[in-house]
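Notes follow the structure.
The values are calculated or read from the model by the stated rules, or taken from the named source; none is laboratory data. Remember, predicted model here, so these are calculated numbers, not experimental data. Here the Cβ positions follow ideal geometry from the backbone for every residue, glycine too, while neighbour counts run over all protein chains shown. In case anyone asks, the SASA skips ligands and DNA or RNA and just uses the protein heavy atoms, side chains included. Shrake-Rupley method; radii C 1.70, N 1.55, O 1.52, S 1.80 Å.
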Amino acid sequence: MFGWTGVFLNVDLSKNKVVAESYDATLALNFIGGRGFAAKILWDKLKPGVNPLSPENKLIFAAGPLTGFGLPNSGKLVVAAKSPLTGGYGDGNIGTSAAVQMRTAGYDAVIIEGKAEAPVVLHINDQFAELIDAKALWGLNSFETEAQLKPLYERTAGFVSIGPAGENLVKFATVVSQEGRAGGRPGMGAVMGSKNLKAVVFEGHKDIPAAYPQGLKELSAAGYREILTKPNFSFWKRQGTMSTIEWSQENSALPTFNFREGVFDKADKIGGFAMEKIKVGNRGCPQCNMTCGNVVKDSERKEAELDYENIVMLGSNIGLGNLRQVAALNRVADELGLDTISLGNVLGFAIETSEKNLILEKFHWGKYKETKDLINDIAYRRGFGDVLAEGVQAAAAKIGHGAADWAMHVKGLEVSAYDCHAAPAMALSYATSAIGAHHKDAWVISWEVQFGREGYSEEKINKVIEMQRLRGGVFESLTVCRFPYAELGFELEWYTKYLQAATGREMPFNSLIYSADKTLNLIRAFWLREYADNWTKGMDVPPVRWFKDALTAGPLKGALLDPFKYDAMLKKYYRKRGWDERGVPKKSTLKKLGLSDVAKQLDKYVKLSD
Ligand code: PTT
Ligand code: SF4
């Protein structure tokens with residue numbers, strides 16, 4: 001095979017056993033890599049009903065066939081497992097040298113199961129792998145962990161690790177790399193912690209076989225040059241994702257006070273232009289010339305890397321309008337290994353339920369020190385922090401008294417940083433995303449604002465499906481960054497050219513979309529197999545607040561989603577997907593996608609219609 005290494009590495013931490021396993025071209029062509037591989041492995045190899053924090057769960061690091069070739073923005077991998085936060089399929093995407101090193105070590109994926117007796121580091125160096133005692137690292141934060149490991153390995157080595165949140169099984173703990181890249185929102189860090197796995201070190205020295213190595217090199221150089229010519233390039237380097245704060249404010253989509261409002265009176269203090277005034281540099285993922293991580297000095301005089309989601313969820317959503325302080329909370333979250341989106345949600349929820357006297361504890365909007373202490377309590381599971389460490393859905397269930405009305409999540413995963421009181425298509429996107437309420441699968445809100453926000457039209461459903469296939473399917477399976485395409489207009493044809501030169505196969509875009517649909521339906525099947533009789537259509541519905549509690553400020557004051565229109569929209573979405581009225585793929589749909597074997601198995605858990 002060209003492009004793919006054709007090898008997965010299976011690691012059993014309980015048995016201290018490592019086995020390399022070859023797989024065939026059919027798997028590669030059907031599922032491409034990254035999310036596609038992770039979904040297929042979890043479907044085939046994970047026993048249904050397994051406790052996500054038990055040794056049986058499988059933690060997967062998977063890359064796509066372009067990673068490791070030095071192509072633009074290709075230094076990413078997907079980390080996946082059954083999620084302890086949602087009980088369904090979970091994954092995240094991290095830009096890290098670990099992705100490049102995993103592939104040059106000879107592996108398209110590393111699949112980790114079992115549980116080490118005591119904390120360990122997994123070290124992979126080409127065909128050699130070992131488990132190293134990590135008792136001395138346990139308790140360190142993710143930055144300290146990487147700093148301790150770095151001098152022990154080659155300069156090019158790639159690292160992923162967890163902080164105290166992962167060790168303490170916080171349900172939204174992430175995996176962290178390179179002091180500020182983090183991924184695996186639905187608790188992939190907790191899965192790693194449950195296995196006593198503190199870190200993985202990757203060192204690779206092999207050439208990944210390419211069908212046309214010279215052609216690939218030339219295409220790569222041309223791609224980097226093309227990115228530099230894009231009109232938005234220099235502004236992107238200045239602000240990266242941060243300019244979205246001003247955009248969201250202008251369009252009443254900026255989560256504020258736990259999604260109560262879509263505008264924040266201190267938005268200009270935490271936005272892209274405010275950030276530029278204190279910015280000291282850019283950081284980024286490997287093999288990227290867009291380096292969009294904005295580095296600033298935070299209020300504790302440490303360096304923090306700012307992105308839109310982090311700043312909104314730890315800023316406006318908790319009423320904090322001091323950018324250096326928001327940056328400091330962001331840094332603390334990275335060190336502890338907590339997902340900032342879920343964190344901002346549970347904090348906003350805690351403050352709001354306190355304000356409404358649903359809990360005895362007292363928390364307040366915009367209080368830096370109080371919030372920082374609470375974040376630490378969450379990571380170390382102290383006091384009320386222990387309740388919040390379970391995620392907003394579980395916390396609301398524990399509190400009762402209607403607290404669920406203020407819990408912003410879908411299927412247990414907290415909502416990312418776009419308010420949807422007046423964005424039905426974006427709400428549908430959150431509600432039907434592959435992992436719960438995350439924007440990665442279909443970020444349609446800017447299109448929706450342009451197209452017209454009020455309606456629940458067919459075009460909106462089509463747009464959500466188109467973006468889910470492209471972003472959630474193609475980009476997550478290729479594990480290349482979607483920003484060149486989404487933010488600069490880097491043409492999609494580049495990727496088919498790269499694939500041709502790397503794999504030697506013509507893979508036209510419609511074949512990638514077909515494969516994306518296969519993966520997304522397989523992920524749907526995974527959720528259904530796990531939930532079986534407990535699955536309801538209500539799991540594809542956005543948070544109740546957007547239907548019941550209207551915006552009270554800003555130009556869209558009074559805006560709400562309409563539950564009847566949303567329901568009709570969801571039904572049409574199901575039809576277009578080839579799913580029945582419960583949101584369950586029909587046998588004929590799965591057959592068309594070459595997933596008849598999946599249909600046969602799934603039918604035992606949820607009766608399928610023809
Ligand atoms: C992603 C989610 C996002 S999406 C952000 S900011 W964003 C938050 N980042 C966090 C962080 O940082 N620290 C932390 N402790 N928690 C965080 N949680 C949040 O996680 C990231 C970039 C960004 S910045 C985005 S949109 C794009 N995401 C991509 C994607 O998902 N797929 C893809 N093919 N390309 C992408 N390119 C962009 O990558 P999750 P990163 Mg991330 C500090 O993890 O679980 O996928 O959730 O990976 O390497 O930091 O790059 O405004
Ligand atoms: Fe990473 Fe940003 Fe570059 Fe994408 S654009 S690869 S997120 S640094």
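Would you mind checking Lys58/Lys372; Lys463/Lys600; Lys198/Lys369; Lys411/Lys572; Lys463/Lys557; Lys76/Lys600 for any pair whose Cα atoms are more than 23 angstrom apart?
Details: Lys58/Lys372 32 Å; Lys463/Lys600 31 Å; Lys198/Lys369 29 Å; Lys411/Lys572 20 Å; Lys463/Lys557 26 Å; Lys76/Lys600 34 Å.
Among Lys58/Lys372; Lys463/Lys600; Lys198/Lys369; Lys411/Lys572; Lys463/Lys557; Lys76/Lys600, the Cα-Cα distance tops 23 Å for Lys58/Lys372; Lys463/Lys600; Lys198/Lys369; Lys463/Lys557; Lys76/Lys600.
Rounded to the nearest 5, what % of the DSSP beta bridges within the chain are antiparallel ones? Provide the component values of the computation, followed by the final result.
On the way: 47 of 58 bridges.
The antiparallel fraction comes to roughly 80 percent.
Please name whichever of Asn93, Ser511, Gly452 sits farthest to the positive end of the charge dipole of the chain, dipole taken about the Cα centre and charges placed at Cβ: Lys and Arg +1, Asp and Glu -1.
Ser511
If you place +1 on the Cβ of every Lys and Arg and -1 on the Cβ of every Asp and Glu, how big does the dipole about the Cα centre of region 353-510 come out, in debye to the nearest 20?
On the way: 18 positive and 21 negative charges, 72 e Å.
For this selection, approximately 340 debye.
Are there DSSP H segments in the chain that both extend 27 Å or more along their axis (alpha-carbon positions) and score a mean Kyte-Doolittle hydropathy of at least -0.5? List them, or say none. Each step should come with its number before you reach the end.
On the way: long enough: 509-531 (33 Å, 0.03).
Membrane-span-like by this criterion, though nothing is claimed about a membrane: 509-531.
Just how much of Ile162 is accessible, in Å², when a 1.4 Å probe is used and the result is rounded to the nearest 10?
It works out to around 0 Å².
In Å², and per residue, what accessible area does region 234-376 have when probed at 1.4 Å with the other protein chains present?
Working: 4740 Å² over 143 residues.
With all protein chains present, region 234-376 gives 33 Å² per residue.
Can you give me the % of accessible surface on region 451-493 that is carbon or sulfur? Probe 1.4 Å, all protein chains present, nothing else counted.
Carbon plus sulfur share of accessible area: 49 percent.
At a 1.4 Å probe, what is the % contribution of carbon and sulfur to the accessible area of region 161-283?
Numbers: 2330 of 4320 Å².
Roughly 54 percent of what the probe reaches on region 161-283 is carbon or sulfur.
Let me know the shape class of region 157-225, please: from the alpha-carbon gyration tensor, a ≥ b ≥ c as square roots of the eigenvalues, rounded when a/c is under 1.5, otherwise prolate if a/b is greater than b/c, or oblate. Working shown, then result.
Details: a/c = 3.50, a/b = 2.47, b/c = 1.42.
Verdict is prolate for region 157-225.
Ignoring ligands, DNA and RNA, please state the percent of accessible area on region 1-144 from carbon and sulfur, probe 1.4 Å. Each step should come with its number before you reach the end.
Details: 2160 of 4290 Å².
With neighbouring chains kept in place, the figure for region 1-144 is 50 percent.
When the dipole is taken about the Cα centre of region 189-332, and only Lys, Arg (+1) and Asp, Glu (-1) are charged at their Cβ, what size is it in debye, to the nearest 20? Before the final figure, lay out each step's value.
Values: 19 positive and 16 negative charges, 83 e Å.
My answer is approximately 400 debye.
Read phi for every residue in region 546-560 and hand back ³J(HN,Hα) as whole Hz from Karplus 6.51 cos²θ - 1.76 cosθ + 1.60, θ = phi - 60°, with x for Gly and Pro.
Rounded to whole hertz, the list is 5, 9, 10, 10, 5, 4, 10, 9, x, x, 9, 3, x, 5, 8.
So what is the 222 nm mean residue ellipticity for the chain from helices alone, if each DSSP H run of at least 4 adds -39500 (n - 2.57) and you divide by all residues, rounding to the nearest 500 deg cm²/dmol? Present the calculation step by step, with values, prior to reporting the outcome.
Numbers: 27 runs with 247 residues, N = 610.
Here the helix-only value at 222 nm equals -11500 deg cm²/dmol.
With +1 assigned to the C-beta of every Lys and Arg and -1 to the C-beta of every Asp and Glu, and no other charges, what is the dipole magnitude of region 329-429 about the Cα centre in debye, to the nearest 20? Don't jump to the answer; show the numbers that get you there.
Details: 10 positive and 14 negative charges, 25 e Å.
Dipole magnitude for region 329-429 comes out near 120 debye.
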